Structure formats: structure tokens, C-alpha cells
């Protein structure tokens, strides 16, 4: 029983987890030199909890023809690494910095008071100063307690979507509060969130200033829990026996259809050949197979006694996250929240017609490389600040290089910490049980991507050196609140409202737009 309690506490914690900016050398009205015809448009598309084997270009049984098109016409980024959960990855994308440096090491829970530090300069701010119009549609998850953390206060000219974590696809609620807004004002409208996010993105493309370059950030909440999709889409996947995988497949199908609509809109607007399109998942997929077997058996036992949903909100939240995930990360180990490869190595592809394309790249690229890479591709490389943790990968991608040097990369999860350094991956495991420990694990990760051969015993000097790097890693003050509070009032995805909508709850605090 003690083991069960320890595991329950571990999962509870993990599930509930689970402007002084740098100035640009280029003036706002100075032209960008990204292409011969002017600066490129940029469309950054992020999926939420999409597993490695959830896309057609990785051999999934789920058909994703439009994502496959991006990968085949562009470059499939075979070794792209995010963080293991959503807020840390989004922090890296928006800042080019290690999320641990900024105090964001797990998902920002609904009761967390902070967010992405206000003093950080974000990707849309760099681009807007260079003359871009900046739009966002979808999931933010980088701070919601005050409106100064909201996207339209952090460099986006227009924001539509939600600021907390997972929402109901139809009711647009999170943790008892309605979370659907446009520029800080709650909107209530019927519809499936994947489709609504796409509708808004297309409307923004249609209404844009055609004389200026466009940055469009489309951050879907799909296929994050809850398992919800239009009935006709679910019916098209009736051949999938597992009910959770079936609905998950329908959510991925809706996501692919939505991205296809975006691609078609770019074509209609005459933008496609002048647009950089970067697609990625924010972390690996949520998978039952990746959960501790003891915990799965324990929760199934509770369901046998009490039925589902479980009578205690926190326990029900854990049950849902452990037992209802429908992703597939095979052949990689693990999944969301775990530092094994299935948690951080994610589907990604980059498409820039006439500039990049063809084949698969095995270049090591991370979420914190996206900002400097896009700035260089937009002709702003000289203005990239020198305090970033990520580096531009445009040059190696353009040349087709695979074995270029890359800064060390740190990921964190509920199961430990992992450091990537050259050919090595070191894992320092944590354990949910007190008074116990697990030895470090070391892998030659390029040669052993499935993490089958732990070589820590044969390389104690490498383990020691990399452990010292982890110990010295810059870590900022955590923005997260109490886990105990989160356990008492968990982040429910969808469901009834019992509090003020999140937009109005945040008040009208504003740092203003430059």
C-alpha cells in the first residue's frame, strides 16, 4: 500500500504540472533581407501532445496527408527535440532560452500566479520591430493570472484562443472557468476548437496588410485530452478497436484537415511560395503504455471499486491522464512528462519553397533553436541577441549537414532530468518513493535512439562531467505555485463552470504594447 500511495502522489504532482528587452540593431522600418522579393512570411504551427507514431510520415495508421505534404515537400526534422511538457516547450519557442533558466519546468497550472517573465523579449516582439504584423490563434499556456502575461500584451497584434492548458473542445472550459477569448475579452461561440482556431487564422490571413510580412502562430490544443472529436470523424476511424486510440485518431485527423485548410488559404492568398512553415509537437504523446504498471493496476482497482469517474476530483484527474491517453510514441520509449525519447523527441517538419526542401534531416534541433533560426531565415540574424541558449540551424539545414556542434540541451520530466551533449544523453532519474535512488543512465543516443544500451558503467568520467553540467545549469525562480493547492483544485479539461472566465479573472493589468 505504501508503494501505491507513493506512486499516486507522484502522478498527482506530475499531472497537475501534468520590458527590458534586448534592442534590435535593425530599425522597424528597415527592410528585411529574407528573400529577393522581400521578407518571408512565417507560419509556426504547434500541435499539443502529438505522439511520434501519430503521423503518417512516421508510419502511423492515422492518415495525415497534409502534414505528410509539409514533410515531403519540405524537410522532415527527424531529430527535433521539445521539452516533455507544454509550457516549457512554449517558453523555449518564444524566447530561444532554456525554460529551466526562466523558472518554467512543468506546465503552468491554473492556480500558478506567474508566467513567462515579463522582462523577456519574445519572438513576435523581435519580428514586429522588424515590420511584421503578428497574429496568434490557439493555445498560449505561458501565464494567465494577469493580462500582462497574455499574448496580445507580449508582441502579438491579435490573439484568439485560450491562455490556460487543456480545454474542452466543445465547451472551451478549463478548470471550472471558461477560457475562450479575443484580445483579453471572453467570447462564447459554439464549435469545435480545432476548427475555430483555423477559422480565425484564415480570417487573419485574409484581413492582413498585404504590403507587410506576416507572422502567424497557430497553436492547436489537439490532440491533448479530453478525447473529443466530431462524431462523423470518429466514425471514419471505427476500424481502430481501442476506444481512446480511436477518438485520438479522429482528433489527429481533424488537426491534419485544419492544417490543410491553412495551406490552402496560403495558396489562395498568393503567399505559399513566400512563406516559411514550421510544424512541431510541443512534447511526446500521452500514452498508457508509458505509465508505471503499478499505477495503472492501482487506478484500475479504484475504478472497479468506485466506478468512473472517481469520486475525488484529484484522483479522477490522475485516472484520466494515466488511463485515457491515446497517443503512440513507438518505437521510442516513454511519452509525455518523461525524459525518455518518447517524451521529448517529436514530429517536426520545415517547409520554405525554393529555399529548403527535400528529404530528411538528422540534424539535432531543439525548441530553443526555433527563434534564432527563424530570425536568420527572415534576414534578422545579425540582430539575434547573444544571450540565447538556442542557435540558428538554418546554415546546416541549407547545406544538408547533420553532424554540427550544438550547445548542451537540458530536459526535465517527472521521472528525472536529461542532458544531451554531443553524442551522449545522460539521464538522472528521480523516484516517487522516499529513501530510494536510481543510478544514472548514459546512452550514445544517435547510435541507440531506442535507449536499449545503458553504458554508464563503462564511462564514469562522462557521467561525472555531465552531472556537473546539470548541477551548474542556470535555474531561475520558479513561476509555479503550490502542488498541494493544485491537488485540491486540479486543472480539469472541460466540464462545468464554477468560477469567472479566465480572461476577466485576470483583470486588466497591462504593460502596454511598444
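The numbers here are math on the coordinates, done by the rules we state, and not lab data. Here the structure is a predicted model, which is why all the values come from computation and not from measurement. Heads up, the Cβs are rebuilt from the backbone with ideal geometry, glycines too, and the neighbour counts pull from every protein chain shown.
Extension gain for the segment residue 63 to residue 267, taken as residue separation times 0.36 nm less the Cα-Cα distance, is 71.2 nm to one decimal. Shown for segment 67-142 is the translational diffusion coefficient from the Stokes-Einstein equation, using the Kirkwood radius over Cα pairs, a temperature of 10 °C and a viscosity of 1.306 mPa s: 111 µm²/s.
Rounded to two decimals, the Cα radius of gyration of segment 164-287 over 2.2 N^0.38 Å is 1.15. Sorting the segments 120-129, 293-302 by their mean number of nearby beta carbons within 10 angstrom, highest to lowest, gives 120-129, 293-302.
If you compute percent of Cα pairs over 31 Å apart for the structure shown, which of (1) 51; (2) 65; (3) 41 do you land on? Identified label for the calculated read-out: (3).
Can you work out the FRET efficiency for the pair residue 236 and residue 203, with r the C-beta to C-beta distance and R0 = 25 Å, to the nearest 0.05? Plugging the Cβ-Cβ distance into 1/(1 + (r/R0)^6) gives 0.40. Taking each residue as 0.36 nm, the span from residue 446 to residue 500 lengthens on full extension beyond its C-alpha to C-alpha distance by 14.6 nm. Working note: Cα atoms of segment 359-426, range along each principal axis, descending, whole Å: 40, 28, 17.
For the Cα trace of segment 334-373, dividing Rg by the Kirkwood Rh returns an Rg/Rh value of 1.04. For the peptides 402-415, 160-173, the ranking by mean Cβ contacts within 10 Å, running from highest to lowest, is 160-173, 402-415. To the nearest 0.05, how large is the calculated FRET efficiency for residue 484 and residue 454 if R₀ is 45 Å and r is the Cβ-Cβ distance? The calculated FRET efficiency here is 0.80. You can think of it this way: the chain between residue 170 and residue 398 has 77.9 nm of extra reach, that is 0.36 nm per residue less the Cα-Cα gap. Here the simple spin-label model places points 7 Å from the Cα toward Cβ, and for residue 386 and residue 308 these points are separated by 5.5 nm.
Overall, the ratio between the Cα radius of gyration of segment 327-480 and 2.2 N^0.38 Å, rounded to two decimals, is 1.15. Mean 1/r over all different Cα pairs, inverted: what Kirkwood radius does segment 139-183 give, in Å? After inverting the pairwise mean of 1/r, the radius is 10.6 Å. Looking at the chain, the DSSP beta bridges with both ends there are about 55 percent antiparallel.
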